[in-house]
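**Student:** Encoded as structure tokens, here's the structure I'll be asking about.
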Amino acid sequence: MATATTSLNSRRGHGRLKRVALLAGLVIAGLILTVVSIFYVKPGIFVAGLQRFRAWRMGLQQNTVVLQGQKVHFVSGGEGKPLVLVHGLAGRSEDWFALIPLLIQDGYRIYALDLLGYGQSARPDADYSISFEENVVREFMDSQNLGQADLAGWSMGGWISLKFAADHPERVHKLILLDSAGLKFDAVNAPLLRPRTEAGLAKMMQVLTPHPPTIPGFYARDLLRDFAREDWIIDRALKSMYSGKDLMDGKLDSVTMPVLLIWGKQDVLTPPSIGEEMHQWMAHSQLVVVDGCGHLAPVECSGVVGQTMVNFLKN
């Protein structure tokens with residue numbers, strides 16, 4: 001009798017374990033399905049998380065500061081001479097992540113900000129002109145007690161940095177411009193920076209890089225939602241640029257610090273001819289054209305670009 005009771009209890013115990021295991025399996029399956037569904041609908045959430053993980057791995061700190069009454073986000077890290085990094089149109093501080101490890105390793109204190117209107121910074125009702133963002137950079141440097149720093153700008157960020165260097169040469173030790181705008185030219189491909197369809201997104205990538213990736217449809221749709229939310233900012237920034245009020249043609253006499261110009265040879269958005277003209281106007285500049293990459297040279301050719309920047313900053 002005891003043996004039969006023990007056997008019955010054992011079967012009941014196994015039954016409970018099976019039910020618990022089944023329930024646990026259903027919960028796990030439900031969690032996986034939920035995560036997959038969220039990733040399919042909003043993959044940008046996971047990309048943002050990955051970027052934060054990359055920042056943590058690099059030892060970068062996430063910071064905010066209030067400028068012009070608005071929150072400005074930036075990342076900082078490293079020890080040594082200060083280097084301020086200014087991203088381009090529709091960009092953010094994370095755009096510099098391919099270069100930051102080498103710069104920190106070489107002894108620089110990095111400050112990479114999200115300009116107002118971009119990334120994790122506020123989006124106030126403003127004209128988003130080059131002059132507007134130049135003031136953001138100036139106030140940011142003031143907030144970090146950076147009387148003078150090395151300054152690097154990419155694309156629109158190059159234009160902002162160039163204007164800042166011209167207006168405040170005493171505050172820039174060395175200047176680096178990467179695939180920069182700032183001079184008058186026929187910007188025939190600029191309208192493609194406002195994609196509204198998956199086909200438009202593919203055309204934008206063809207303008208940015210000679211090696212455009214294939215973007216999965218679900219991720220492309222999420223990117224397009226982000227572009228749609230921020231299109232009013234891009235529209236105002238481009239209209240201000242088209243007005244020509246902040247063009248630097250004929251205004252580079254006060255840019256007296258050493259200048260490094262880096263260009264992707266296959267850049268069709270801001271072509272190397274702009275770098276060549278800047279180089280002619282600034283006798284104290286040096287121009288490096290990197291073959292095999294386009295407007296995204298700091299990412300596509302980060303090894304060459306990073307080492308070129310380090311060599312320039314050290315000498």
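**Student:** Out of all the residues in the stretch 164-181, is one or more out of contact with any Cys (no Cβ under 9 Å at 6 or more places or on another chain) and within 20 Å of ILE233 (Cα to Cα)?
**Tutor:** Yes, the stretch 164-181 contains a residue that is out of contact with any Cys (no Cβ under 9 Å at 6 or more places or on another chain) and within 20 Å of ILE233 (Cα to Cα).
**Student:** Considering only residues of the stretch 81-97 that are more than 10 Å from the chain's Cα centre (by Cα) and of a type in the set (A, V, I, L, M), which is farthest from ARG236 (Cα to Cα)?
**Tutor:** Only one residue fits best here, namely LEU83.
**Student:** Still on this model: Checking ARG229 against (1) surrounded by fewer than 19 Cβ atoms within 10 Å (Cβ to Cβ); (2) touching a residue at least 12 places away in the same chain (Cβ under 8 Å); (3) more than 20 Å from ILE160 (Cβ to Cβ): exactly one of these is not met. Which one?
**Tutor:** (2)
**Student:** Out of (1) within 23 Å of HIS211 (Cα to Cα); (2) surrounded by 17 or more Cβ atoms within 10 Å (Cβ to Cβ); (3) in contact with a strand residue (DSSP E or B) (Cβ under 7 Å, 6 or more places away or on another chain); (4) not aliphatic (A, V, I, L, M), what's the single condition that is false for ASP267?
**Tutor:** (3)
**Student:** Would you point out the residue of the stretch 187-197, among those that are surrounded by 15 or more Cβ atoms within 10 Å (Cβ to Cβ) and part of a helix (DSSP H, G or I), that is nearest to the chain's Cα centre (by Cα)?
**Tutor:** Checked the stretch 187-197; the qualifying residue nearest to the chain's Cα centre (by Cα) is LEU193.
**Student:** Taking the condition of being among the aliphatic types (A, V, I, L, M), in a loop (DSSP other than H, G, I, E, B) and within 12 Å of ASP150 (Cα to Cα), how many residues in the stretch 71-108 meet it?
**Tutor:** Going through the stretch 71-108 one residue at a time, the tally reaches 0.
**Student:** Looking at SER121, is it closer than 18 Å to ASP167 by Cβ, among the small types (Gly, Ala, Ser) and either at pLDDT 95 or above or within 17 Å of the chain's Cα centre (by Cα) (or both)?
**Tutor:** When the stated conditions are applied, SER121 does not pass them.
**Student:** Which of the numbered conditions does GLY69 fail, given that it passes all the others? Conditions: (1) out of contact with any Asp or Glu (no Cβ under 8 Å at 6 or more places or on another chain); (2) at pLDDT 95 or above.
**Tutor:** (2)
**Student:** Go through (1) within 19 Å of the chain's Cα centre (by Cα); (2) buried (at least 17 other Cβ atoms within 10 Å of the Cβ) for LEU183 and report which single condition fails.
**Tutor:** Checking LEU183 against (1) within 19 Å of the chain's Cα centre (by Cα); (2) buried (at least 17 other Cβ atoms within 10 Å of the Cβ), the one that fails is (1).
**Student:** Now, a different point. Taking THR214 as meeting all but one of (1) without any contact (Cβ under 8 Å) to a residue 12 or more places away in the chain; (2) surrounded by 19 or more Cβ atoms within 10 Å (Cβ to Cβ), write down the number of the exception.
**Tutor:** With (1) without any contact (Cβ under 8 Å) to a residue 12 or more places away in the chain; (2) surrounded by 19 or more Cβ atoms within 10 Å (Cβ to Cβ) applied to THR214, the lone miss is (2).
**Student:** Give the stretch 192-206 a look and list any residue that's touching a residue at least 40 places away in the same chain (Cβ under 8 Å) and over 11 Å from LEU224 (Cα atoms), or say none.
**Tutor:** If the condition is that a residue be touching a residue at least 40 places away in the same chain (Cβ under 8 Å) and over 11 Å from LEU224 (Cα atoms), then LEU193 is the only one that fits.
**Student:** Next question, about the same structure. Quick check on the stretch 143-173: of everything there that is more than 21 Å from the chain's Cα centre (by Cα) and not in a helix (DSSP H, G or I), which residue is nearest to LEU252 (Cα to Cα)?
**Tutor:** Restricting to residues being more than 21 Å from the chain's Cα centre (by Cα) and not in a helix (DSSP H, G or I), the top hit is HIS168.
**Student:** Here are SER243, SER302: which of them is among the polar types (S, T, N, Q) and either touching a helix residue (DSSP H, G or I) at 6+ places or on another chain (Cβ under 7 Å) or more than 21 Å from ASP106 (Cα to Cα) (or both)?
**Tutor:** One residue alone meets the criteria, SER243.
**Student:** Further question: Go through (1) surrounded by fewer than 19 Cβ atoms within 10 Å (Cβ to Cβ); (2) more than 16 Å from GLY157 (Cα to Cα) one by one and return the number of the condition ILE234 breaks.
**Tutor:** Checking ILE234 against (1) surrounded by fewer than 19 Cβ atoms within 10 Å (Cβ to Cβ); (2) more than 16 Å from GLY157 (Cα to Cα), the one that fails is (2).
**Student:** Follow-up question, since we're still on this one. Taking only pairs six or more apart or across chains, which ones have beta-carbon atoms under 6 Å, a first residue in the stretch 119-140 that is on the phi > 0 side of the Ramachandran plot and among the hydroxyl-bearing types (Ser, Thr, Tyr), and a second residue that is surrounded by 16 or more Cβ atoms within 10 Å (Cβ to Cβ) and part of a helix (DSSP H, G or I)?
**Tutor:** TYR128/ILE233; TYR128/ARG236; TYR128/ALA237
**Student:** Which one of the conditions (1) in contact (Cβ under 8 Å) with a residue 40 or more places away in the chain; (2) assigned to a strand (DSSP E or B); (3) buried (at least 19 other Cβ atoms within 10 Å of the Cβ) does TYR111 fail to meet, given that it meets all the rest?
**Tutor:** It fails just one condition, (1).
**Student:** Oh, and also: Considering only residues of the stretch 114-137 that are in contact with a Gly (Cβ under 7 Å, 6 or more places away or on another chain) and either aromatic (Phe, Trp, Tyr) or part of a helix (DSSP H, G or I) (or both), which is farthest from GLN61 (Cα to Cα)?
**Tutor:** Selected residue: TYR128.
**Student:** May I ask you to say which residue of VAL304, VAL255 is surrounded by fewer than 19 Cβ atoms within 10 Å (Cβ to Cβ), closer than 24 Å to GLY91 by Cβ and of a type in the set (A, V, I, L, M)?
**Tutor:** The conditions single out VAL304.
The values are calculated or read from the model by the stated rules, or taken from the named source; none is laboratory data. Just so it is clear, the structure is predicted and the values come from calculations on it, not from any experiment. All Cβ positions, glycine included, derive from the backbone under ideal geometry; neighbour counts span all protein chains shown.
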